[in-house]
Each structure stands twice: as C-alpha cells, then as structure tokens.
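The values are calculated or read from the model by the stated rules, or taken from the named source; none is laboratory data. All of these numbers come straight from a predicted model, not from anything done at the bench. Ideal geometry is used to build each Cβ from the backbone, glycine not excepted, and the neighbour counts take in all protein chains shown. For accessibility, only protein heavy atoms count, side chains too; no ligands or nucleic acids. Shrake-Rupley method; radii C 1.70, N 1.55, O 1.52, S 1.80 Å.
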Amino acid sequence: MTGTDLGMPAFPPFPDAAREAVRNEVLRANLRHATHTIRDKRARAVAELDDWDRLRAAGKAVKDHTLRNLDRYLLQLEAAVTAAGGTVHWAVDAEEANRIVTGLVLATGEREVVKVKSMATQEIGLNEALEAAGIAAYETDLAELIVQLGHDRPSHILVPAIHRNRGEIRDLFRTEMGRWGRPAPQDLGDDPRELAEAARLHLREKFLRAKVAVSGANFMVAETGTMVVLESEGNGRMCLTLPETLISVVGIEKVVPTFRDLEIFLQTLPRSSTAERMNPYTTMWTGTGPSKGADGDGPTAFHLVLLDNGRTDTLADPTGRQALRCIRCSACLNVCPVYERAGGHAYGSVYPGPIGAVLSPQLRGTAAPIDATLPYASTLCGACYDVCPVAIDIPEILVHLRERVVQGGPVTRGGVRVRIRPAHGHTAERAAMRAARLLLDRPGALRAGERLLSRARRLRPRRLPGPGRAWTDTRALPDVPAESFRDWWARERKSPQK
C-alpha cells in the first residue's frame with residue numbers, strides 16, 4: 001500500500017543490526033534484567049486464574065469474528081461515534097493520516113499538542129509530520145518522554161525505554177529537559193521516585209497549557225462508539241480530559257463488537273503486559289463531553305482517525321491475518337531469546353520482537369532487506385505462542401513468511417492481488433530445497449547418500465563454503481553419526497529379541 005510507514009528510517013537487515021546490538025554489553029544487561037523480571041511477574045499473575053485458557057480462547061474467538069466482519073463493525077463504529085458528537089476520518093496510509101491530523105491541529109490555531117502513548121502515531125511518523133508543519137508534539141508517557149528527550153527510538157511495545165538504565169535516564173533529564181520545558185533539578189539522582197517527580201513536574205505545565213491532545217486507543221467498541229485507553233501512570237487521563245480538542249489515531253483492527261467483549265480483554269491485557277490483576281487507569285469516552293460550556297467534562301471536539309496502512313492487505317492473507325489479533329501486551333517480547341539479546345532497535349520497526357517479525361513484513365511488504373530478514377529473527381521455539389493472550393501462532397506465520405521471501409508468490413498490495421518475486425539472496429536456498437526434494441523422493445539415492453556421509457564423516461568441514469558460510473558463521477555443523485538411522489533400524493530388526 002502506497003505510503004505505508006512504520007515510523008523508522010531506512011534500516012539494515014536484521015542480522016547486521018542484531019550483530020551490532022549483541023556486542024553492547026550494557027544493552028544486553030538492561031534487557032536481560034527487565035525481560036526476566038516482567039515475564040516472571042506475568043507468569044505468577046496468570047497462574048492465579050483457573051480459567052486463563054478459556055479467557056485466551058474467548059479473546060481469540062472475538063478477534064477472529066471481528067476480523068471476518070470488519071467492514072460491518074467499522075461502519076457501525078463510525079455511526080456510533082458520529083451520533084455521540086465525534087467526527088470520523090478514514091486514512092488509507094501514513095501520508096493521509098498525517099495530513100488529516102496536521103490539518104485538524106492547524107485548524108485550532110494551536111502549535112503544540114500533548115500525546116498519550118500511541119503506537120499507531122509512531123507507526124506513521126506523526127511527530128515528524130507535525131514538526132514539519134511547525135507543531136510541537138510532547139510525549140507524556142514516562143518511557144516515551146525518555147525516548148523523546150534522548151532523540152531515540154522505542155525498543156519495546158510496553159516499555160519503550162527498556163534499553164535505558166536509571167543512570168542514563170538521570171543524565172538525559174539533567175541535560176535535555178530544559179530544552180523542552182521545565183528543567184530537571186541539577187542535583188537529580190537516579191532514584192526512581194526522584195526521576196518520576198522530575199517528569200511529573202515537567203509534564204504538569206504541558207497538561208495545563210495544552211489545548212489539543214493526540215491519543216491512540218487499545219480498543220474501540222462498535223456498539224457504542226466508545227474508545228478505551230489502558231495506561232498505568234495517569235498521563236493518559238490528563239491528555240484525554242483536559243484539552244479542548246482530542247484526536248485519536250487508531251488502527252482499524254482495534255475494534256471489538258460489543259461493550260461486553262471488553263470483559264475478556266480487561267482481564268487478559270493487564271496480566272499479560274504489566275502482570276497486574278487490573279489496570280490502574282482505564283479511561284473510556286464516547287464522543288465529546290456532555291457539555292460544550294466552560295464547565296463541560298472532557299473535550300468539546302473529538303476526531304477519530306481510522307488507520308489502514310497495510311492492514312486490509314494483511315487481512316487478505318488467511319495465515320498472516322491472525323497477527324491482527326494482537327492487543328499489544330508485549331508478552332511475546334519478554335520470552336523471546338532473540339529479542340532479549342538483540343533488543344528492539346534491530347527490528348527496524350516500532351513493532352519489535354516476535355509480533356514485529358510477523359506484522360512489519362505484512363504491513364510494509366518484503367521488498368526491503370530489513371523486512372525480508374525479519375521472518376528469520378526467531379528460533380521457532382514457540383514460547384511467543386504459549387504466552388500470547390489471543391493465541392496468535394507466531395511460529396506458523398514466521399514459516400509462512402519465510403516461504404514468501406524465498407519463493408515469492410501471490411500477495412495483496414493496495415487491495416490488488418499481485419505476484420511478487422523471491423527476495424534477493426535466496427537462490428542457493430531454493431536450489432538446496434529443490435535438491436532435497438529430489439533426493440527425498442528417491443529412497444535409494446537417499447540411502448546411498450547417507451552411507452557416503454557416514455564413511456566420510458572424518459572429512460566434515462568446520463565451515464561450509466559459498467552461501468553456506470552464512471549458516472556456519474553462527475552455528476556449528478552437527479557431527480555425522482557412524483551409521484544412518486535406516487541402517488541402525490534394519491540391523492536392530494534383524495537381531496534376535498533380547
């Protein structure tokens with residue numbers, strides 16, 4: 001789809017980026033400590049529920065039903081939001097979404113906005129688009145604030161600054177806060193309470209001054225037109241109630257049919273993400289505030305921007321569409337051995353980790369080197385599937401996308417069915433697969449090859465030549481056994497019973 005963007009600059013292939021990341025010992029230590037802590041807490045929180053498996057199945061069923069009927073529920077949502085006083089805008093791609101939001105902000109006469117954490121706005125590069133139009137966007141989520149102050153990129157879905165430690169955050173606050181607003185105390189320490197207090201004072205003046213806010217949403221209820229935001233700091237509540245104009249940019253897959261469906265996700269999302277029994281701040285709003293007077297509750301103007309940006313193309317893939325079930329809990333990141341070692345920046349997307357490895361190549365396509373390599377950023381251990389609260393079979397999608405990268409084939413792009421060519425650099429792999437197919441179809445030739453390998457096992461090289469070198473650069477070739485399984489089986493069957 002033209003204009004599809006995931007909020008990242010041109011990026012090297014995943015193997016190159018990961019190779020650089022694993023050399024950073026501080027990064028690896030930060031990631032190891034954070035991911036192990038979060039996943040251990042999550043495991044304990046989930047174990048408290050006897051019906052977790054049934055909740056997981058129910059969440060999967062609701063999401064699958066919604067995706068099969070997405071057109072109907074989106075139209076129902078639009079009607080409900082409009083009836084409640086809101087205005088709905090449809091954005092086919094990042095460029096159109098940025099144009100809509102920029103125009104809405106400029107129409108208010110304001111030149112600054114506050115934002116509550118929204119991966120959709122990061123996906124489309126909204127901050128950069130607003131800056132180009134002379135509009136300052138201030139992130140109010142603490143982790144997003146750290147990322148913004150550091151001129152950095154998020155590296156985790158739930159904890160965007162997971163790659164930073166307390167000392168680094170303290171230094172950022174000391175040197176950068178004054179350029180964005182209220183400065184941090186020069187004697188600021190690295191105690192979490194001190195850091196949180198410095199951020200609170202810095203952000204409070206922005207909350208009280210801002211007339212326009214930009215948000216995302218965790219869920220949209222088609223039945224009532226209600227937007228739902230879950231967060232743990234209270235910054236979202238400030239963004240969603242104080243400004244006069246609220247603009248929400250939300251992916252079309254975030255819709256659920258009824259208010260009752262929230263019961264499932266308000267149990268599974270907190271436990272899977274922050275390991276909490278219930279979410280600290282759950283903000284819901286429907287349309288504009290009940291009064292447009294000075295004493296009204298909530299914004300007097302509400303705009304909902306429904307973002308496609310490659311989602312309907314993903315929906316057209318029967319295997320890949322299950323990635324659209326994702327509720328952005330980040331549980332898959334915290335158990336992934338690849339993410340733990342490489343970090344989020346190596347994925348070249350605002351969606352890192354296992355879910356990013358299957359979502360980004362579908363939203364953007366596999367033409368770029370980073371997207372063609374993301375399906376290989378996995379050991380296929382299956383831990384991501386085990387913890388997913390909506391049962392996304394990420395290993396299945398990874399294998400599916402690997403086949404697409406190597407073989408090419410029919411895909412949907414911009415709503416049109418096209419056939420893509422295999423990605424560059426996989427000629428040897430395709431030749432090896434064809435040779436394996438020919439060999440496996442001929443038992444006699446396979447048996448002869450196995451015997452030849454066993455007799456020549458002392459000549460086994462440490463590294464493969466040519467294209468095979470990429471494989472042995474990171475793996476050891478297995479030892480060749482003295483005899484094949486076929487020969488062992490034949491010998492054992494002929495031997496007398498013991």
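Can we say S360 is under 25 Å from A470 (Cα atoms), outside any loop (DSSP other than H, G, I, E, B) and touching a residue at least 40 places away in the same chain (Cβ under 8 Å)? In short, yes.
Which residue out of T87, T108, T82, T121 is closer than 26 Å to L324 by Cα and touching a Lys or Arg at 6+ places or on another chain (Cβ under 8 Å)?
The unique qualifying residue is T121.
Among the residues of the range 294-326, which ones are polar (S, T, N, Q) and over 25 Å from G356 (Cα atoms)? If you could, list the steps in order and put the result at the bottom.
Step one: filter the range 294-326 for residues polar (S, T, N, Q), giving 300, 309, 312, 314, 319, 322.
T300 - this is the single residue of the range 294-326 that is polar (S, T, N, Q) and over 25 Å from G356 (Cα atoms).
Here's the yes/no breakdown for (1) among the charged types (D, E, K, R); (2) under 25 Å from P337 (Cβ atoms):
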position	(1), (2)
L31	no, yes
A58	no, no
K63	yes, no
L74	no, no
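For D16, the criteria (1) charged (D, E, K, R); (2) part of a helix (DSSP H, G or I); (3) at pLDDT 95 or above; (4) out of contact with any helix residue (DSSP H, G or I) (no Cβ under 8 Å at 6 or more places or on another chain) hold in every case but one, which is (3).
When each of G382, G409 is tested for being under 25 Å from A17 (Cα atoms), open to solvent by less than 20 Å² (accessible area, probe 1.4 Å) and without any contact (Cβ under 8 Å) to a residue 40 or more places away in the chain, the lone residue that passes is G382. Do we find that D261 is at pLDDT 95 or above, out of contact with any Ser or Thr (no Cβ under 8 Å at 6 or more places or on another chain) and among the charged types (D, E, K, R) in this structure? Considered against the rule, which asks whether it is at pLDDT 95 or above, out of contact with any Ser or Thr (no Cβ under 8 Å at 6 or more places or on another chain) and among the charged types (D, E, K, R), D261 comes out as yes. Of all residues in the range 37-65, which are open to solvent by 60 Å² or more (accessible area, probe 1.4 Å), without any contact (Cβ under 8 Å) to a residue 24 or more places away in the chain and either among the acidic types (D, E) or over 17 Å from R271 (Cβ atoms) (or both)? Within the range 37-65, D40, D50, D53 meet the criteria. Against the numbered list (1) within 29 Å of L67 (Cβ to Cβ); (2) surrounded by fewer than 21 Cβ atoms within 10 Å (Cβ to Cβ); (3) more than 19 Å from the chain's Cα centre (by Cα); (4) touching a residue at least 40 places away in the same chain (Cβ under 8 Å), A129 comes up short only at (4). The combined condition, being assigned to a loop (DSSP other than H, G, I, E, B) and open to solvent by less than 10 Å² (accessible area, probe 1.4 Å), is fulfilled by P243.
Summed over the range 331-342, the residues that are modelled with pLDDT under 95 and assigned to a loop (DSSP other than H, G, I, E, B) give a count of 0. Whether any residue in the range 137-156 is of a type outside the set (S, T, N, Q), open to solvent by 30 Å² or more (accessible area, probe 1.4 Å) and in contact with a strand residue (DSSP E or B) (Cβ under 6 Å, 6 or more places away or on another chain) is what I want to check. Within the range 137-156, one or more residues are of a type outside the set (S, T, N, Q), open to solvent by 30 Å² or more (accessible area, probe 1.4 Å) and in contact with a strand residue (DSSP E or B) (Cβ under 6 Å, 6 or more places away or on another chain). Filtered by the rule that a residue be farther than 20 Å from G85 by Cα and open to solvent by less than 50 Å² (accessible area, probe 1.4 Å), the range 226-240 gives L230, E231, G234, N235, G236, M238. Taking the criterion of being more than 23 Å from T140 (Cα to Cα) and either among the charged types (D, E, K, R) or buried (at least 17 other Cβ atoms within 10 Å of the Cβ) (or both), would at least one residue in the range 101-115 satisfy it? No, every residue in the range 101-115 fails to be more than 23 Å from T140 (Cα to Cα) and either among the charged types (D, E, K, R) or buried (at least 17 other Cβ atoms within 10 Å of the Cβ) (or both). Annotation: E429 fulfils all but one of (1) modelled with pLDDT of 85 or more; (2) within 30 Å of A316 (Cα to Cα); the unmet one is (1).
Contact map, the range 169-196: residues that are more than 17 Å from N30 (Cβ to Cβ) paired with residues that are of a type in the set (D, E) and surrounded by 14 or more Cβ atoms within 10 Å (Cβ to Cβ), Cβ distance under 7 Å, separation 6+ or inter-chain. Pairs shown: L188/E194.
Filtered by the rule that a residue be β-branched (V, I, T) and touching a helix residue (DSSP H, G or I) at 6+ places or on another chain (Cβ under 9 Å), the range 429-474 gives a lone residue, T474. Just so you know, in the range 85-100 the residues that are open to solvent by less than 30 Å² (accessible area, probe 1.4 Å) and outside any helix (DSSP H, G or I) include one that is nearest to T288 (Cα to Cα), and it is G86.
Among the residues making up the range 189-214, a single one is within 12 Å of I146 (Cβ to Cβ) and surrounded by fewer than 15 Cβ atoms within 10 Å (Cβ to Cβ): A196.
What residue, of V399, V406, V418, is touching an Asp or Glu at 6+ places or on another chain (Cβ under 9 Å) and either modelled with pLDDT under 85 or of a type in the set (V, I, T) (or both)? First the steps, then the outcome.
Details: V399 fails: touching an Asp or Glu at 6+ places or on another chain (Cβ under 9 Å); V418 fails: touching an Asp or Glu at 6+ places or on another chain (Cβ under 9 Å).
After ruling out the rest, the residue left standing is V406.
Just to be sure, is Q186 open to solvent by 10 Å² or more (accessible area, probe 1.4 Å) and within 26 Å of the chain's Cα centre (by Cα)? Answer is no for this residue.
Quick check, is A391 in contact with a Lys or Arg (Cβ under 6 Å, 6 or more places away or on another chain), surrounded by 13 or more Cβ atoms within 10 Å (Cβ to Cβ), aliphatic (A, V, I, L, M) and not in a helix (DSSP H, G or I)? First the steps, then the outcome.
Details: in contact with a Lys or Arg (Cβ under 6 Å, 6 or more places away or on another chain): yes; surrounded by 13 or more Cβ atoms within 10 Å (Cβ to Cβ): yes; aliphatic (A, V, I, L, M): yes; not in a helix (DSSP H, G or I): yes.
Criteria met by A391.
Out of everything in the range 446-474 that is basic (K, R) and exposed (fewer than 10 other Cβ atoms within 10 Å of the Cβ), what residue ends up being farthest from A435 (Cα to Cα)? Talk me through it step by step, then tell me what you get.
Let us first name the residues in the range 446-474 that are basic (K, R), namely 447, 451, 455, 457-458, 460, 462-463, 469.
From the residues that got through so far, the ones that are exposed (fewer than 10 other Cβ atoms within 10 Å of the Cβ) too are 458, 462.
Values: R458: 24, R462: 22 Å.
Once the filter is applied, the top-ranked residue is R458.
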